[in-house]
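Okay, so here's the structure we're looking at.
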Amino acid sequence: MTLTSPDTVEYVDSAFVFDRLDFDDSPHEQVAFCQDPESGLKAIIAIHSTVLGPALGGTRFYPFADERSALTDALRLSKGMTYKAAAAGLQLGGGKAVIIGDPSTLKSEALLAAYGRFVETLGGRYVTAGDVGTTSDDMDVISKYTDHVTGRNVAAGGSGDSAPLTALGVFHSMRAAAASTWGSANLAGRRVGVEGTGKVGYHLIRLLTEAGAAVVACDINADALNRATQDFPDLTPATGVIASPLDIYAPCALGATLSQRSVRDLSATIVCGAANNQLVDPTVEQSLSEQRITWVPDFVANAGGLIQMAGELEHKSAADVTPRVEKIFDTVQEILEIAALDGVSTGTAANRVADARIDSARH
Ligand SMILES: NC(=O)c1ccc[n+]([C@@H]2O[C@H](COP(=O)([O-])OP(=O)(O)OC[C@H]3O[C@@H](n4cnc5c(N)ncnc54)[C@H](O)[C@@H]3O)[C@@H](O)[C@H]2O)c1
């Protein structure tokens, strides 16, 4: 429908904005478009839900092809954050921001300051953090202009690198999946393939080798793989892991490694890793089920970093936060029980757990 206002401004399509906010049949509460021509800032802050608490989610600084794809990413990722926080049992909602542009050329103190001031105008409904294209150093800068930021460096009062606790959450997710699959959470002797020996993969290998697992790992970056093999002499380096004989496959590099084709070659009984968006498309989950492979949904397994960010907002120490991350074990057990009892996929079961927590906060 095209409407013309009394002062003859023509609105293109009255359904454009609110239809988009009903992204994926899940309406967003608020979307803010922020612009500061002097610094070149163009940002979109999407608040999907504040039902459980302030909407926490990182700021992605990326040269999006156009504004539509930037908006789509902000809407998609903020909805994902609502479910991730709810499944982790946090009193946090879901939000995400995108800054449009190439961070290597556009990022400046003035731009981050302008962005921080926009975050501040939301009065704490949105809390920002690092993501692709933004770092803890950037969060330190932004924190000069808003209180609503987490993921800062330790020197600036933040909780620092989230990789160790993300890895701890993945490790306990694996233990829970092992208990459900093999009747014991003990990973000693299990053959685990870790794909990606970066920040999270490195710490996961440490936990797995300490637990007595037989770890095989790969990385396209030779330096990252060498560092891991030097520090963990029992580690077996490989050129790839997904198609090798495994009990557990742990994707800790990029997402979208699980496709119809790669799942056919998978010998692992459990898939559990840190990478975001592991499935190429939702149909892959069905194939995993048909092959009796237990998939721990990525947003459940990798919530340790988010739990750390939530702790930072409450000024909690790492010692306070660690038991909260270990509780991911219980969440994964609950999800696997629901999946088995209701005959649904683990992804559906995880969404049910999150939906139940959101609904109980609403009523
Ligand atoms: N760091 C966190 O706290 C955190 C939290 C949640 C989710 N994640 C997700 O976990 C994954 C790993 O995060 P990270 O912080 O360790 O990132 P990272 O960049 O430190 O490590 C990723 C590693 O994967 C390697 N890699 C890339 N493509 C590969 C391929 N095809 N095969 C093998 N190795 C490959 C890279 O060389 C790099 O060493 C990412 O998908 C990230 O989004 C990280």
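The values are calculated or read from the model by the stated rules, or taken from the named source; none is laboratory data. The structure presented is a predicted model; accordingly, all values stated were derived computationally and were not measured. All Cβ positions, glycine included, derive from the backbone under ideal geometry; neighbour counts span all protein chains shown. All accessible areas refer to the heavy atoms of the entire protein, side chains included, with ligands and DNA or RNA removed. Shrake-Rupley method; radii C 1.70, N 1.55, O 1.52, S 1.80 Å.
When the chain is treated as a GNM with alpha-carbon contacts under 10 Å, the residue of HIS172, HIS48, HIS315 showing the greatest mean-square fluctuation is HIS315. Modelled spin-label separation between ARG117 and LEU254, with each label point placed 7 Å from Cα along the Cα-to-Cβ direction: 3.7 nm. Calculated mean residue ellipticity, 222 nm, the chain: -13500 deg cm²/dmol, from DSSP H runs (n ≥ 4) at -39500 (n - 2.57) each, averaged per residue and rounded to 500. Under 16 Å of direct C-alpha separation, and excluding same-chain neighbours fewer than eight residues apart, LYS42 reaches these lysines: LYS96, LYS107. The angle between the Cα long axis of helix 346-362 and the main principal axis of the chain comes to about 50°, on a 0 to 90 degree scale. Projecting label points 7 angstrom from Cα along Cα→Cβ for GLU314 and ARG362 puts them 2.5 nm apart.
The modelled label-to-label distance for the pair ASP265/VAL280, using points 7 Å beyond Cα in the direction of Cβ, is 1.1 nm. Length gained on full extension, THR348 to ALA110, computed as 0.36 nm times the residue gap minus the Cα-Cα distance: 81.4 nm. LYS107 contributes about 60 Å² of solvent-accessible surface, heavy atoms of the protein only, 1.4 Å probe.
Remark: accessible surface ordering of PHE118, PHE171 (largest first) is PHE118, PHE171, probe radius 1.4 Å. To the nearest 0.05, how large is the calculated FRET efficiency for ALA188 and PHE18 if R₀ is 41 Å and r is the Cβ-Cβ distance? Result of the calculation: an efficiency of 0.15. Helix 328-342 against the longest principal axis of the chain: what's the angle in degrees, Cα atoms only, rounded to the nearest 10? Taking Cα atoms only, the helix is inclined about 90 degrees.
Arrange the residues MET139, MET81 by how much accessible surface each exposes, largest first, with a 1.4 angstrom probe. Write out the running numbers ahead of the final one.
Values: MET139 0, MET81 25 Å².
Largest accessible area first, the residues go MET81, MET139.
What translational D, rounded to a whole number of µm²/s, comes out for region 163-362 from Stokes-Einstein when the hydrodynamic radius is the Kirkwood one over Cα pairs, at 37 °C and 0.692 mPa s? Working shown, then result.
Working: Rh = 16.9 Å.
D = 195 µm²/s.
The VAL132 and ASP330 beta-carbon pair, evaluated with R₀ = 35 Å, returns a calculated FRET efficiency of approximately 0.70. Computed from the C-alpha gyration tensor, the three semi-axes of the ellipsoid equivalent to the chain are 36, 24, 20 Å, from longest to shortest. In the context of the full protein assembly, LEU106 retains an accessible surface of approximately 50 Å², using a probe radius of 1.4 Å and ignoring ligands and nucleic acids. Please determine, in degrees from 0 to 90 and to the nearest 10, the orientation of helix 163-182 with respect to the longest principal axis defined by the Cα atoms of the chain, where the helix direction is its Cα long axis. Helix 163-182 sits roughly 50 degrees off the main axis of the chain.
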